[in-house]
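The structure appears right after this line, and notes come after that.
The values are calculated or read from the model by the stated rules, or taken from the named source; none is laboratory data. Note that the coordinates shown come from a computational prediction; the quantities given were computed from them, not determined experimentally. Backbone-built Cβ (ideal geometry, glycine too); neighbour counts: all protein chains shown.
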Amino acid sequence: MTTNVSETNSAGATLVAAARHGSTAEADRVSVNTDRSGYTPETLPDGVVYATTIDDVVGTMVRATAGRVPVVARGAGTGLAAGSAAKAGEIVLDLSGMNGILRLDPLEQIIVVEPGILNAEVNAAAGEHGLFYAPDPASTAICSIGGNIATNAGGMRCAKYGVTRESVLALKVVLPDGRLLVTGRETIKGVTGYDLNALMIGSEGTLGVVVEATLRLRPLPAATATVAAFFPDIVTAAQAASAIISSRVTPSVLELMDGPTLAAVDAALGTDYRSRGGAFLLAQTDGYGAFLEQEVLIDAIAPLASSYEKATDPEMTAELLKVRREAIPSLELLGDVCIGDVGVPRGRLAEMVSGIEEISRRTGVRIFTVAHAADGNLHPMIVLDEGQPSTEGPAKDALGQMFDLARSLGGTLTGEHGVGILKRDWLHDELGGESLELQHAIKKVFDPLGILNPGKAI
């Protein structure tokens, strides 16, 4: 960091001008003003600091604390709850330039990385040693590890291997006043003191800025077996997913897509999956017993399926996985997408998808549904005409009804995308006053001035 401070009336712009890698140019501020949630603040942040080292982050936070300037940390900008959105009076701390692999230990099965590295890049490096990093959001090719940690991201493999929290062993975190906190350890077990490592994961950048992460890797499965099944409608497909869980098989992947989403993918990719049924279920089992488990899985879904087929080679498997990963990009071709993220007990999945269809009819809002069916995490996606807001009117009403339905079924308003800005209106209904009061107290311990990602998460 330099000490040359330009003349300006904005404390945020002053801080940016003091940084070695900073900008107040409008183009830079526009580039970091939104994410994939569809939400865009009405004003631009005062500036952007592009960090490339831990010292950059430390220096920025020291100056931010001195000037009481709010700071919004940002990685790849793929968030779906507006958790990294910033407005006037705030600065963005861009961590995408901190994207290195610091160490990979195949024996201990760990990798130490900077926060800006992409999820897929971690897996590529691990794969060279016969290992993989388990959390794999659909946006794996474009999302950063820092953002995954901020939201405790999940993905398609999380029902068997856990979400991000189960794969992060240790962190280095810069606190709002510039102190460097180390949490966790490199051992698989460790129970000394309070678990500050777990506390940081999923805190949406409100407690500290992650600058280094030690991640747990796992051996690549000895075998993987894939089944694609089609059903007359999404309710039947959801019943089949619950039947798989009841069979006691633990699939590594169990993805559900409704007919309208299949049609959107077909239009984008030139495929014909929608013609095969009104809903699609993609299932994988892995490990030494993959093909034995596959037969149990097929026995569970066969009475409900219109048709099913086994993937016969890696190319077919990759093509089937692509159908699921292309769901959001395909819907983005139809309009502005607001992505829900509700979770319900796995046995209530059919009730939830049926309820979503009813909410769509009742509100007149177009809702497309995909789900990580193995853990009851659904992504009902509202597609709006360009410029139509998701934070008011029928779209917000539909979101609220989906959240209410999920809670009534024993579920939650967010399974893996976080609260950000977009879900705060319903936070009290789920957590209650006592829990929120304690969480606000925790926030104050770490961030007494309230300068880290204000107005987000809690």
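Values as computed for the structure displayed
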item: Residue list for the stretch 102-116, filter: within 21 Å of the chain's Cα centre (by Cα) and surrounded by fewer than 24 Cβ atoms within 10 Å (Cβ to Cβ); result: Val112, Gly116
item: Sole exception among (1) more than 24 Å from Gln239 (Cβ to Cβ); (2) part of a helix (DSSP H, G or I); (3) of a type outside the set (Asp, Glu); (4) in contact (Cβ under 8 Å) with a residue 24 or more places away in the chain for Arg348, by number; result: (1)
item: Residue within the stretch 328-343 that is under 25 Å from Ala225 (Cβ atoms) and either part of a helix (DSSP H, G or I) or touching a strand residue (DSSP E or B) at 6+ places or on another chain (Cβ under 7 Å) (or both) present; result: no
item: Residues of the stretch 163-215 that turn out to be among the β-branched types (Val, Ile, Thr) and in contact (Cβ under 8 Å) with a residue 40 or more places away in the chain, as a count; result: 9
item: Set Ala134, Ala141, Ala170: member being in contact with a helix residue (DSSP H, G or I) (Cβ under 7 Å, 6 or more places away or on another chain) and modelled with pLDDT under 95; result: Ala141
item: Condition met for Pro303 (outside any helix (DSSP H, G or I), within 24 Å of the chain's Cα centre (by Cα) and closer than 21 Å to Gly347 by Cα); result: no
item: The stretch 422-458: number of residues that are of a type in the set (S, T, N, Q) and either touching a residue at least 60 places away in the same chain (Cβ under 8 Å) or part of a loop (DSSP other than H, G, I, E, B) (or both); result: 1
item: Selection from the stretch 126-148 of residues that are buried (at least 18 other Cβ atoms within 10 Å of the Cβ) and among the small types (Gly, Ala, Ser); result: Ala126, Ala134, Ala138, Ser139, Ser144, Gly146, Gly147
item: Subset of the stretch 57-75 [under 19 Å from Asp28 (Cα atoms) and buried (at least 24 other Cβ atoms within 10 Å of the Cβ)]; result: Val57, Thr60, Val69, Val71, Val72, Ala73, Arg74, Gly75
item: Failed criterion for Ile234 (all others in (1) buried (at least 16 other Cβ atoms within 10 Å of the Cβ); (2) in contact with a strand residue (DSSP E or B) (Cβ under 7 Å, 6 or more places away or on another chain); (3) closer than 29 Å to Asn123 by Cβ; (4) among the aliphatic types (A, V, I, L, M) hold); result: (3)
item: Residue within the stretch 249-262 that is free of Cβ contacts under 8 Å to residues at least 60 places away in the same chain, polar (S, T, N, Q) and assigned to a loop (DSSP other than H, G, I, E, B) present; result: no
item: Residue within the stretch 310-325 that is in the same structural domain as Ile234 (by TED's automatic domain parsing) and assigned to a strand (DSSP E or B) present; result: yes
item: Residue that is surrounded by the most Cβ atoms within 10 Å (Cβ to Cβ), among those in the stretch 237-276 that are under 16 Å from Gly287 (Cα atoms) and hydrophobic (A, V, I, L, M, F, W, C); result: Leu254
item: Failed condition for Ala395, given (1) modelled with pLDDT under 95; (2) more than 22 Å from Ile328 (Cα to Cα); (3) surrounded by 18 or more Cβ atoms within 10 Å (Cβ to Cβ); result: (2)
item: Selected residue [over 21 Å from the mean Cα position of the chain (by Cα) and crowded, with 19+ Cβ neighbours inside 10 Å] from Thr151, Thr183; result: Thr183
